[in-house]
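The values are calculated or read from the model by the stated rules, or taken from the named source; none is laboratory data. Please read these numbers as outputs of a predicted model, since none were measured by experiment. Note that we place each Cβ from the backbone using ideal geometry, even for glycine, and neighbour counts take in every protein chain shown. Side chains are part of the model used for accessible areas, which takes the heavy atoms of the whole protein and leaves out ligands, DNA and RNA. Shrake-Rupley method; radii C 1.70, N 1.55, O 1.52, S 1.80 Å.
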Amino acid sequence: MGKPWGIAFGRDGMWAVTDHNKHCIYVFDSEDQLIRQFGCNGKDPGQFSGPIGVAFDSDNYLYVTDHGNYRIQKFDVNCNYLLQFGVKGKTDGQFSGIHGITVHNDRVYVADYGNHCIPVFKTNGEFCLTIGSGQVGGPVDVAISSSKFSTKGTARGQLDRPFGLTVDANGFILVADTYNYCVSIFDQNGTCIHCFGRNGERKGQFKRPYGIAISPSGSIYICDYNNARVQIF
């Protein structure tokens, strides 16, 4: 891997990772074996320019935030290109620095860092609405939860430029705390119940944890960006 950034699980334990520097996507099976790698640097359908976020919908279709091309691309379970939506701009349905993405109840939620908002689309690419509308301070990832919490800092439960988050089946919120080189786990009330990791290259250490996802069995998968690897806990 070059610079793994986004990670997500589909059905049956299949998972995908974006490689921001190599402009491609890796797809793995439930045994963590690589089954497919696709994409290259470019602007054509199926090509990418610094892909960041990745998500699956309930039908196992794959969505990728094609950061440098200001668009979302959608692929089928065999990674065949289906469609794209979004262009560069500052109005509804347009993008300026898209990062994380999630799909919930047939709606696609995108973290648009440049436009300071969360645009929402149907799975066919049709624009629905904008959350935040310039008022969300540079979002880089998005997940569905009822909680909002934490402050900037280095103490337990504080965060410093978190780049990834996910919510598990029990409602616990896991955050890749990128500049604190750790992962923090919060309950639904925003109380930090555990954190692990520190700066380094050894197993269990991180050099900028970015994307984070939970497997169907409950394991935690983390994109260790500057160590060019995915770690599993």
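Which of rounded, prolate or oblate describes the range 143-233 when judged by the alpha-carbon gyration tensor and an a/c cut-off of 1.5? Before the final figure, lay out the partial values.
Numbers: a/c = 1.95, a/b = 1.23, b/c = 1.58.
It is oblate, given that a/c is not under 1.5 and a/b is not larger than b/c.
Within the chain, how many Lys pairs sit with Cα atoms under 20 Å apart, leaving out pairs fewer than 8 places apart on the same chain?
Total qualifying Lys-Lys pairs in the chain comes to 14.
How much solvent-accessible surface does residue 82 expose, in Å² to the nearest 10, with a 1.4 Å probe and all protein chains in place?
Counting only protein heavy atoms, residue 82 exposes about 80 Å² to solvent.
Kindly rank 39-47, 181-189, 94-102 from highest to lowest mean number of other beta carbons found within 10 Å of each residue.
On the way: 39-47: 13.9, 181-189: 18.2, 94-102: 22.0.
Result, highest mean first: 94-102, 181-189, 39-47.
For the chain, what is the Kirkwood estimate of the hydrodynamic radius, computed as the reciprocal of the mean inverse distance between distinct Cα atoms, to one decimal in Å?
Details: mean 1/r = 0.0573 Å⁻¹.
Result for the chain stands at 17.4 Å.
Over the range 53-207, give the accessible area per residue in Å² for a 1.4 Å probe, as an integer.
Working: 7490 Å² over 155 residues.
Dividing the accessible area of the range 53-207 by its residue count gives 48 Å².
Under a point-charge model restricted to the Cβ atoms of Lys and Arg (+1) and Asp and Glu (-1), what is the dipole moment magnitude of the range 12-135 relative to its Cα centre, in debye to the nearest 20? Don't skip to the answer; put the middle values down first.
Details: 9 positive and 14 negative charges, 117 e Å.
Using Cβ point charges on Lys, Arg, Asp and Glu, the range 12-135 gives about 560 debye.
Given a 1.4 Å probe and every protein chain left where it sits, what share in percent of the accessible area of the chain is carbon and sulfur? Don't jump to the answer; show the numbers that get you there.
On the way: 4740 of 10710 Å².
Roughly 44 percent, rounded to a whole number.
How far apart, in nm, are two points set 7 Å out from the Cα along the Cα-to-Cβ line at residue 40 and at residue 104?
3.8 nm
What spacing in nm lies between the two simple spin-label points modelled at residue 49 and residue 199, each 7 Å away from Cα in the Cβ direction?
3.3 nm
For the range 13-131, count all C-alpha to C-alpha pairs, find those more than 23 Å apart, and express that count as a whole percent of the total.
Working: 1576 of 7021 pairs.
The share of Cα pairs beyond 23 Å in the range 13-131 comes to 22 percent.
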